C-alpha cells in the first residue's frame, strides 16, 4: 500500500470491493469502486499482547481458585432466591466480530425476555432501552441479582472466558449485535481487540455515563493500550467496585 501524505489518497492493489480489510495493521473500508471510504489505523503490539495474554491466563486461573468460596456462596444464594440455573450465558460480539458467549451468575428471573417484551410496550421504557440497552430499576432483576450487580460479582464467571481466550482482564466491555452500530466508522477498531472483564469505560463511570461517552472511553483505551494504562485501569476498577460506582 502506498499513499501520499499531502493528498491523503490510498492506492490499493488487488483487493475485493465492499470489504473491510486489515492492510499493514490498518483497517480500510472500500466502496464498490475500490475507493477508500474510511481509514482507521490500528497499532500492532506483539510484545505487549504476548505478556498481556500470559498475565490474563495466570491471573484468571489463580482468581478462580482463590474465589471458589465466593462462587459456592453465590451459587447457593441464587438457588435459594429464585428458580432457575446458577449461571447463564449471553451472546456478545468478540474480537474480529466473532460471536462469543459471556458467562455470568444469573441475576434475572428466567422469563426475563418475556418480561422485557411487555416492558417495551411502554414508549418511555422503549426509548430508554434503545438508548442504553439497559433499564434503570429493571424489574426483571432478582433480589440476589441486584446485590450481585451492584458489587459486580455477577461478572466473576467471565474468568472462564478469559482462560478460554475469548476475553482479556482489561479491554472494552463486549457488546450485543444491536450496540455495535453506535461505534459508527470505529466499529472495526472496536472489534480489533479482545473485550475485557473490565475496561477504561467500566472504571470511569460505567452506567453513570452516556453511550457516547462510553464509545469515546472505549476507543481511548484502544488507542492508548499499554501496561501502565492497564495497571491504572485495574486499580481504578477495584476502587469503583468498593465504592459501587456505576454498577446497576
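The values are calculated or read from the model by the stated rules, or taken from the named source; none is laboratory data. This one's a predicted model, so the numbers in the text were calculated from it and none came from an experiment. When we count neighbours, we look across all protein chains shown, and the Cβ atoms used for this are built from the backbone with ideal geometry, even at glycine.
Looking at the structure I just gave you, is residue 205 buried (at least 17 other Cβ atoms within 10 Å of the Cβ) and within 18 Å of residue 133 (Cβ to Cβ)? Don't jump to the end; show me each part of the working.
Values: buried (at least 17 other Cβ atoms within 10 Å of the Cβ): no; within 18 Å of residue 133 (Cβ to Cβ): yes.
No: the conditions fail for residue 205.
Filter segment 221-248 down to the residues that are under 21 Å from residue 50 (Cα atoms) and out of contact with any strand residue (DSSP E or B) (no Cβ under 6 Å at 6 or more places or on another chain) and list them by number. Give the derivation first.
Kept after step one, since they are under 21 Å from residue 50 (Cα atoms), are these residues of segment 221-248: 221-234.
Selection gives 221, 222, 223, 224, 225, 226, 227, 228, 229, 231, 232, 234.
For segment 229-238, does any single residue satisfy the condition of being buried (at least 17 other Cβ atoms within 10 Å of the Cβ) and at pLDDT below 90?
For segment 229-238, residues buried (at least 17 other Cβ atoms within 10 Å of the Cβ) and at pLDDT below 90: absent.
Any idea which residue in segment 116-144 is farthest from residue 100 (Cα to Cα), counting only those that are in contact (Cβ under 8 Å) with a residue 40 or more places away in the chain, within 22 Å of the chain's Cα centre (by Cα) and not in a loop (DSSP other than H, G, I, E, B)?
131
Filter segment 152-169 for residues that are assigned to a helix (DSSP H, G or I) and out of contact with any helix residue (DSSP H, G or I) (no Cβ under 7 Å at 6 or more places or on another chain) and give the result. Before you say what the answer is, go through the steps one by one.
Taking segment 152-169 first, the residues assigned to a helix (DSSP H, G or I) are 153-155, 158-164.
Result: 155, 158, 160, 161, 164.
Could you please find all residues in segment 71-89 being closer than 14 Å to residue 156 by Cα and at pLDDT below 95?
Once the filter is applied, which keeps residues that are closer than 14 Å to residue 156 by Cα and at pLDDT below 95, segment 71-89 yields 88, 89.
From the set of residues in segment 81-115 that are in contact (Cβ under 8 Å) with a residue 12 or more places away in the chain and part of a helix (DSSP H, G or I), which is farthest from residue 137 (Cα to Cα)?
Applying the filter and picking the extreme gives 96.
Within segment 75-95, restricting attention to residues that are under 9 Å from residue 105 (Cα atoms) and under 19 Å from the mean Cα position of the chain (by Cα), which residue is surrounded by the most Cβ atoms within 10 Å (Cβ to Cβ)?
Filtering first and then ranking leaves 88.
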